[in-house]
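Down below is the structure, laid out as C-alpha coordinates.
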Amino acid sequence: MMKEMQARLRLVFGTANQRTFLVPGSGSSAMEMAVLNFVEPGMKVAIFANGHFSNRLTEMAERQRAQVVRLDRPWGEVFGAEEAGAFIERERPHVVGFVQGETSTGAYQAGSAITQAAHRVDALVIGDCVTSLGAMPVELDRNGIDIAYSCAQKGLSCPAGLSPISINERAWERLAKRAEPTWSWYLDARLVAKYFEPAHVYHHTPATALYHAMYEGLLMVEEEGLEARWERHRRAGAQLVSGLTQLGFEPLVSKPENRLWHLATVKPPAGLDEAALRQRLLERHNIDVATGLGQLAGKILRIGVMGPLATEERVGYLLGAIKQEMQ
Ligand SMILES: *Cc1c(COP(=O)(O)O)cnc(C)c1O
(Lines give C-alpha, C1' and ligand atoms only; values in the text may rest on other atoms or scores of the structure.)
Protein backbone atom coordinates (compact mmCIF):
# COMPACT_ATOMS: atom_id res chain seq x y z
CA MET A 1 0.00 0.00 0.00
CA MET A 2 2.78 2.41 0.88
CA LYS A 3 4.47 1.85 -2.46
CA GLU A 4 1.28 2.31 -4.47
CA MET A 5 0.31 5.41 -2.53
CA GLN A 6 3.76 6.90 -3.07
CA ALA A 7 3.47 6.37 -6.83
CA ARG A 8 0.05 8.04 -6.89
CA LEU A 9 1.23 10.88 -4.69
CA ARG A 10 4.09 11.59 -7.10
CA LEU A 11 1.50 11.86 -9.82
CA VAL A 12 -0.69 14.40 -7.98
CA PHE A 13 2.34 16.36 -6.82
CA GLY A 14 3.72 16.39 -10.39
CA THR A 15 7.11 15.09 -9.35
CA ALA A 16 9.59 12.29 -9.78
CA ASN A 17 10.85 12.81 -6.20
CA GLN A 18 11.70 9.48 -4.65
CA ARG A 19 11.15 10.98 -1.19
CA THR A 20 7.41 11.37 -1.38
CA PHE A 21 5.67 9.93 1.66
CA LEU A 22 3.11 10.45 4.40
CA VAL A 23 3.55 12.25 7.71
CA PRO A 24 1.30 11.37 10.65
CA GLY A 25 -0.92 14.30 11.62
CA SER A 26 -2.75 17.12 9.86
CA GLY A 27 -1.19 19.51 7.34
CA SER A 28 0.51 21.52 10.09
CA SER A 29 2.44 18.42 11.07
CA ALA A 30 3.92 18.10 7.56
CA MET A 31 4.56 21.86 7.60
CA GLU A 32 6.46 21.39 10.83
CA MET A 33 8.47 18.52 9.33
CA ALA A 34 9.49 20.81 6.45
CA VAL A 35 10.53 23.61 8.79
CA LEU A 36 12.23 21.45 11.45
CA ASN A 37 14.35 19.54 8.96
CA PHE A 38 15.34 22.32 6.59
CA VAL A 39 15.53 25.38 8.84
CA GLU A 40 18.35 25.26 11.35
CA PRO A 41 18.81 27.79 14.17
CA GLY A 42 20.49 30.96 12.93
CA MET A 43 19.63 30.40 9.26
CA LYS A 44 18.06 33.18 7.27
CA VAL A 45 14.56 32.37 6.09
CA ALA A 46 12.62 34.53 3.64
CA ILE A 47 8.84 34.30 3.82
CA PHE A 48 6.49 35.53 1.12
CA ALA A 49 3.70 36.74 3.37
CA ASN A 50 0.21 37.25 2.01
CA GLY A 51 -2.09 35.42 4.40
CA HIS A 52 -2.76 33.43 7.54
CA PHE A 53 -0.70 30.39 6.56
CA SER A 54 2.43 32.32 5.63
CA ASN A 55 2.13 33.78 9.14
CA ARG A 56 2.08 30.23 10.51
CA LEU A 57 5.21 29.42 8.49
CA THR A 58 6.83 32.56 9.92
CA GLU A 59 6.00 31.50 13.45
CA MET A 60 7.38 28.00 12.96
CA ALA A 61 10.62 29.37 11.48
CA GLU A 62 10.93 31.84 14.37
CA ARG A 63 10.45 29.03 16.89
CA GLN A 64 13.40 27.32 15.17
CA ARG A 65 15.32 30.48 16.06
CA ALA A 66 15.87 31.31 12.41
CA GLN A 67 16.44 34.88 11.29
CA VAL A 68 13.15 35.51 9.49
CA VAL A 69 12.71 38.23 6.89
CA ARG A 70 9.38 38.85 5.17
CA LEU A 71 8.04 40.41 2.04
CA ASP A 72 4.45 41.35 2.81
CA ARG A 73 1.64 41.88 0.35
CA PRO A 74 -2.00 42.72 1.04
CA TRP A 75 -4.10 39.62 1.64
CA GLY A 76 -5.62 38.40 -1.61
CA GLU A 77 -2.62 39.38 -3.74
CA VAL A 78 0.29 37.29 -5.05
CA PHE A 79 3.95 38.08 -5.81
CA GLY A 80 5.47 39.06 -9.16
CA ALA A 81 8.82 37.77 -10.46
CA GLU A 82 10.49 41.17 -10.24
CA GLU A 83 9.67 41.95 -6.62
CA ALA A 84 10.42 38.34 -5.63
CA GLY A 85 13.80 38.55 -7.36
CA ALA A 86 14.71 41.91 -5.78
CA PHE A 87 13.75 40.70 -2.28
CA ILE A 88 15.75 37.49 -2.58
CA GLU A 89 18.81 39.18 -4.13
CA ARG A 90 18.79 41.67 -1.27
CA GLU A 91 18.30 39.15 1.54
CA ARG A 92 20.18 36.12 0.16
CA PRO A 93 18.33 33.64 2.42
CA HIS A 94 19.16 29.96 3.01
CA VAL A 95 15.52 28.93 2.81
CA VAL A 96 12.47 30.51 1.19
CA GLY A 97 8.86 29.79 2.15
CA PHE A 98 5.67 30.54 0.26
CA VAL A 99 2.08 29.31 0.12
CA GLN A 100 0.81 28.00 -3.21
CA GLY A 101 -2.86 27.92 -2.23
CA GLU A 102 -3.55 30.50 0.49
CA THR A 103 -6.74 29.21 2.07
CA SER A 104 -7.29 32.37 4.11
CA THR A 105 -7.54 34.57 1.01
CA GLY A 106 -8.27 32.26 -1.93
CA ALA A 107 -5.08 33.31 -3.77
CA TYR A 108 -3.07 30.85 -5.89
CA GLN A 109 0.60 31.27 -6.76
CA ALA A 110 2.13 28.44 -8.77
CA GLY A 111 5.59 29.32 -7.49
CA SER A 112 8.06 29.59 -10.36
CA ALA A 113 8.44 33.38 -9.98
CA ILE A 114 9.71 32.71 -6.46
CA THR A 115 11.68 29.49 -7.00
CA GLN A 116 13.72 30.85 -9.92
CA ALA A 117 14.93 33.77 -7.82
CA ALA A 118 15.59 31.50 -4.83
CA HIS A 119 17.65 29.06 -6.84
CA ARG A 120 19.84 31.88 -8.18
CA VAL A 121 21.10 32.36 -4.60
CA ASP A 122 21.11 28.61 -3.92
CA ALA A 123 18.24 28.78 -1.42
CA LEU A 124 15.87 25.87 -0.85
CA VAL A 125 12.19 26.53 -1.40
CA ILE A 126 9.46 25.22 0.89
CA GLY A 127 6.05 25.39 -0.79
CA ASP A 128 2.80 24.99 1.14
CA CYS A 129 0.54 22.92 -1.13
CA VAL A 130 -1.94 22.03 1.60
CA THR A 131 -5.01 23.26 -0.22
CA SER A 132 -3.91 22.98 -3.84
CA LEU A 133 -2.97 19.28 -3.95
CA GLY A 134 -5.53 17.12 -5.71
CA ALA A 135 -7.75 19.94 -6.98
CA MET A 136 -5.47 22.09 -9.12
CA PRO A 137 -1.99 22.00 -10.65
CA VAL A 138 0.76 21.72 -8.06
CA GLU A 139 3.50 20.64 -10.51
CA LEU A 140 6.43 20.54 -8.11
CA ASP A 141 9.09 19.71 -10.68
CA ARG A 142 7.87 22.23 -13.25
CA ASN A 143 7.52 24.96 -10.61
CA GLY A 144 10.88 24.17 -8.98
CA ILE A 145 9.57 23.61 -5.45
CA ASP A 146 12.18 21.71 -3.41
CA ILE A 147 10.09 20.70 -0.41
CA ALA A 148 6.29 20.55 -0.58
CA TYR A 149 3.74 19.41 1.94
CA SER A 150 -0.01 19.00 1.90
CA CYS A 151 -2.85 17.44 3.88
CA ALA A 152 -5.52 14.80 3.34
CA GLN A 153 -8.74 16.74 3.88
CA LYS A 154 -8.71 19.56 1.33
CA GLY A 155 -8.06 19.08 -2.40
CA LEU A 156 -7.66 15.33 -1.86
CA SER A 157 -10.93 15.14 0.14
CA CYS A 158 -9.85 12.30 2.44
CA PRO A 159 -10.27 12.17 6.22
CA ALA A 160 -7.76 14.39 8.06
CA GLY A 161 -4.80 12.98 9.93
CA LEU A 162 -2.19 11.86 7.38
CA SER A 163 -0.25 14.39 5.33
CA PRO A 164 1.79 14.02 2.12
CA ILE A 165 5.25 15.53 1.80
CA SER A 166 7.67 15.50 -1.13
CA ILE A 167 11.38 16.35 -1.00
CA ASN A 168 13.69 16.60 -4.01
CA GLU A 169 17.28 15.44 -4.40
CA ARG A 170 18.73 18.93 -3.89
CA ALA A 171 16.98 19.28 -0.55
CA TRP A 172 17.81 15.72 0.43
CA GLU A 173 21.52 16.39 -0.09
CA ARG A 174 21.23 19.47 2.09
CA LEU A 175 19.62 17.36 4.79
CA ALA A 176 22.49 14.88 4.67
CA LYS A 177 24.90 17.76 5.41
CA ARG A 178 23.16 18.83 8.62
CA ALA A 179 25.62 19.04 11.48
CA GLU A 180 23.07 17.59 13.90
CA PRO A 181 19.77 15.81 13.36
CA THR A 182 16.64 17.85 14.07
CA TRP A 183 15.65 17.83 17.74
CA SER A 184 12.34 16.16 16.86
CA TRP A 185 12.56 12.41 16.61
CA TYR A 186 8.95 11.94 15.49
CA LEU A 187 9.19 14.45 12.63
CA ASP A 188 12.72 13.59 11.50
CA ALA A 189 12.27 13.39 7.71
CA ARG A 190 15.12 10.91 7.30
CA LEU A 191 13.62 8.47 9.78
CA VAL A 192 10.10 8.70 8.39
CA ALA A 193 11.32 8.41 4.77
CA LYS A 194 13.15 5.23 5.72
CA TYR A 195 9.93 3.74 7.01
CA PHE A 196 8.53 4.10 3.47
CA GLU A 197 11.48 2.35 1.84
CA PRO A 198 11.65 -1.43 1.36
CA ALA A 199 12.12 -3.32 4.58
CA HIS A 200 9.72 -0.67 6.00
CA VAL A 201 11.49 -0.78 9.32
CA TYR A 202 9.13 0.29 12.09
CA HIS A 203 9.32 3.97 12.97
CA HIS A 204 5.86 4.80 14.32
CA THR A 205 2.59 2.89 14.42
CA PRO A 206 0.64 3.71 11.26
CA ALA A 207 -2.97 4.85 11.60
CA THR A 208 -4.14 2.02 9.37
CA ALA A 209 -7.71 3.30 9.00
CA LEU A 210 -6.33 6.56 7.61
CA TYR A 211 -3.96 4.69 5.30
CA HIS A 212 -6.92 2.80 3.85
CA ALA A 213 -8.85 6.05 3.39
CA MET A 214 -5.92 7.77 1.68
CA TYR A 215 -5.32 4.73 -0.49
CA GLU A 216 -8.95 4.88 -1.65
CA GLY A 217 -8.85 8.64 -2.12
CA LEU A 218 -5.77 8.43 -4.33
CA LEU A 219 -7.33 5.60 -6.30
CA MET A 220 -10.34 7.84 -6.94
CA VAL A 221 -8.03 10.56 -8.27
CA GLU A 222 -6.44 8.03 -10.59
CA GLU A 223 -9.78 6.66 -11.78
CA GLU A 224 -11.12 10.11 -12.59
CA GLY A 225 -7.82 11.21 -14.12
CA LEU A 226 -5.85 14.05 -12.57
CA GLU A 227 -6.49 16.53 -15.37
CA ALA A 228 -10.19 15.70 -15.52
CA ARG A 229 -10.32 16.30 -11.77
CA TRP A 230 -8.62 19.68 -12.15
CA GLU A 231 -11.06 20.58 -14.90
CA ARG A 232 -14.04 19.61 -12.73
CA HIS A 233 -12.80 21.88 -9.94
CA ARG A 234 -12.06 24.70 -12.38
CA ARG A 235 -15.56 24.56 -13.83
CA ALA A 236 -17.30 24.30 -10.46
CA GLY A 237 -15.27 27.24 -9.16
CA ALA A 238 -16.06 29.38 -12.19
CA GLN A 239 -19.77 28.57 -11.86
CA LEU A 240 -19.71 29.52 -8.16
CA VAL A 241 -17.86 32.82 -8.62
CA SER A 242 -20.04 33.81 -11.54
CA GLY A 243 -23.23 32.97 -9.60
CA LEU A 244 -22.05 34.85 -6.51
CA THR A 245 -21.07 37.87 -8.60
CA GLN A 246 -24.59 37.95 -10.04
CA LEU A 247 -25.92 37.99 -6.47
CA GLY A 248 -23.80 41.07 -5.73
CA PHE A 249 -20.77 39.46 -4.04
CA GLU A 250 -17.32 40.67 -5.07
CA PRO A 251 -14.30 38.35 -5.40
CA LEU A 252 -11.48 39.25 -2.98
CA VAL A 253 -8.80 38.12 -5.45
CA SER A 254 -9.24 40.53 -8.30
CA LYS A 255 -7.46 38.64 -11.10
CA PRO A 256 -9.15 35.36 -12.11
CA GLU A 257 -5.77 33.72 -12.88
CA ASN A 258 -4.67 34.25 -9.27
CA ARG A 259 -7.72 32.54 -7.77
CA LEU A 260 -7.93 29.08 -6.27
CA TRP A 261 -10.49 27.18 -8.29
CA HIS A 262 -11.95 25.24 -5.41
CA LEU A 263 -12.19 28.01 -2.82
CA ALA A 264 -14.22 31.13 -3.50
CA THR A 265 -13.47 34.14 -1.27
CA VAL A 266 -16.00 36.91 -1.69
CA LYS A 267 -16.97 40.17 -0.02
CA PRO A 268 -20.71 40.36 0.70
CA PRO A 269 -22.82 43.07 -0.95
CA ALA A 270 -23.27 46.26 1.10
CA GLY A 271 -25.85 45.87 3.84
CA LEU A 272 -25.74 42.06 3.95
CA ASP A 273 -24.98 40.57 7.38
CA GLU A 274 -22.56 37.77 6.49
CA ALA A 275 -22.71 36.10 9.91
CA ALA A 276 -26.52 35.94 9.78
CA LEU A 277 -26.41 34.54 6.26
CA ARG A 278 -23.97 31.81 7.30
CA GLN A 279 -26.12 30.98 10.31
CA ARG A 280 -29.24 30.60 8.14
CA LEU A 281 -27.36 28.43 5.62
CA LEU A 282 -26.29 26.17 8.47
CA GLU A 283 -29.65 25.99 10.23
CA ARG A 284 -31.97 25.75 7.27
CA HIS A 285 -29.83 24.01 4.65
CA ASN A 286 -27.20 22.20 6.69
CA ILE A 287 -24.48 23.99 4.69
CA ASP A 288 -21.48 25.23 6.62
CA VAL A 289 -19.76 28.17 4.96
CA ALA A 290 -16.64 29.70 6.51
CA THR A 291 -15.93 33.32 7.26
CA GLY A 292 -12.51 34.99 6.86
CA LEU A 293 -9.49 34.05 8.96
CA GLY A 294 -7.35 36.55 10.86
CA GLN A 295 -7.66 40.10 9.51
CA LEU A 296 -10.45 39.01 7.12
CA ALA A 297 -12.68 37.55 9.87
CA GLY A 298 -16.23 38.82 9.41
CA LYS A 299 -15.32 40.50 6.13
CA ILE A 300 -15.51 37.71 3.56
CA LEU A 301 -17.16 34.36 2.95
CA ARG A 302 -14.90 31.43 2.13
CA ILE A 303 -16.71 28.73 0.24
CA GLY A 304 -14.90 25.53 -0.60
CA VAL A 305 -16.03 23.34 -3.47
CA MET A 306 -13.67 20.40 -3.17
CA GLY A 307 -13.86 16.73 -4.06
CA PRO A 308 -17.48 15.53 -4.21
CA LEU A 309 -18.76 19.12 -3.82
CA ALA A 310 -17.20 20.29 -7.08
CA THR A 311 -20.11 19.49 -9.38
CA GLU A 312 -22.56 21.66 -11.28
CA GLU A 313 -25.45 20.24 -9.28
CA ARG A 314 -23.92 20.88 -5.84
CA VAL A 315 -22.81 24.38 -6.76
CA GLY A 316 -26.27 25.11 -8.21
CA TYR A 317 -27.87 23.90 -4.98
CA LEU A 318 -25.60 26.11 -2.90
CA LEU A 319 -26.25 29.18 -5.05
CA GLY A 320 -29.99 28.56 -4.77
CA ALA A 321 -29.76 28.36 -0.97
CA ILE A 322 -27.71 31.56 -0.77
CA LYS A 323 -30.17 33.39 -3.02
CA GLN A 324 -33.11 32.22 -0.94
CA GLU A 325 -31.50 33.29 2.34
CA MET A 326 -30.52 36.73 1.02
CA GLN A 327 -34.17 37.69 0.55
C1 LIG B 1 -5.28 24.01 6.27
C2 LIG B 1 -3.96 24.61 5.92
C3 LIG B 1 -2.81 24.36 6.69
C4 LIG B 1 -2.84 23.58 7.96
O5 LIG B 1 -3.34 22.30 7.76
P6 LIG B 1 -4.09 21.51 8.95
O7 LIG B 1 -4.48 20.24 8.28
O8 LIG B 1 -5.26 22.35 9.37
O9 LIG B 1 -3.11 21.34 10.04
C10 LIG B 1 -1.61 24.90 6.27
N11 LIG B 1 -1.54 25.64 5.15
C12 LIG B 1 -2.62 25.91 4.40
C13 LIG B 1 -2.47 26.72 3.17
C14 LIG B 1 -3.86 25.40 4.76
O15 LIG B 1 -4.93 25.66 4.01
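Residues that are surrounded by 24 or more Cβ atoms within 10 Å (Cβ to Cβ) and over 20 Å from M43 (Cβ atoms) within segment 110-126 comprise just one, G111. A single entry from R232, R142 fulfils the requirement of being away from the ligand (no atom under 16 Å from the Cβ) and not assigned by TED's automatic domain parsing to the domain that holds R56: R232. Screening P137 on (1) assigned to a loop (DSSP other than H, G, I, E, B); (2) surrounded by 24 or more Cβ atoms within 10 Å (Cβ to Cβ); (3) under 15 Å from the mean Cα position of the chain (by Cα) shows it passes everything except condition (2).
The residues on offer are R56, R65, and the sole one that is farther than 22 Å from H204 by Cβ, free of Cβ contacts under 8 Å to residues at least 60 places away in the same chain and within 12 Å of the ligand (Cβ to nearest atom) is R56.
All but one of (1) within 15 Å of the ligand (Cβ to nearest atom); (2) over 14 Å from the mean Cα position of the chain (by Cα) hold for V130; state the number of the condition that does not hold. Single failed check for V130: (2).
The single condition among (1) modelled with pLDDT under 95; (2) of a type outside the set (K, R); (3) more than 30 Å from E222 (Cα to Cα) that E40 does not meet is (1).
Only residues in segment 219-234 that are farther than 9 Å from A135 by Cα count as the first member; pair them with residues that are small (G, A, S) and at pLDDT below 95, Cβ under 8 angstrom, at least 6 apart or cross-chain, and list the lot. Matching pairs, first to second residue: none at all. Considering T15, T20, the condition of being away from the ligand (no atom under 16 Å from the Cβ), in a loop (DSSP other than H, G, I, E, B), surrounded by 19 or more Cβ atoms within 10 Å (Cβ to Cβ) and modelled with pLDDT of 95 or more is satisfied by T15 alone.
Results for (1) without any contact (Cβ under 8 Å) to a residue 40 or more places away in the chain; (2) in a loop (DSSP other than H, G, I, E, B); (3) not assigned by TED's automatic domain parsing to the domain that holds P24, shown as yes or no for each residue.
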{"site": "R178", "(1), (2), (3)": "no, yes, no"}
{"site": "W185", "(1), (2), (3)": "yes, yes, no"}
{"site": "K194", "(1), (2), (3)": "yes, no, no"}
{"site": "H200", "(1), (2), (3)": "no, yes, no"}
{"site": "P206", "(1), (2), (3)": "no, yes, no"}
{"site": "E216", "(1), (2), (3)": "no, no, no"}
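When segment 70-120 is filtered for residues that are of a type in the set (A, V, I, L, M) and assigned to a strand (DSSP E or B), the ones remaining, listed by number, are L71, V95, V96, V99, A107.
None of A321, A297 is farther than 23 Å from A107 by Cα and assigned by TED's automatic domain parsing to the domain that holds H233 except A321.
The values are calculated or read from the model by the stated rules, or taken from the named source; none is laboratory data. Predicted model, so just to flag it, every value in this text is computed and none were measured. Glycine also receives a Cβ, built like all others from the backbone with ideal geometry; neighbour counts cover every protein chain displayed.
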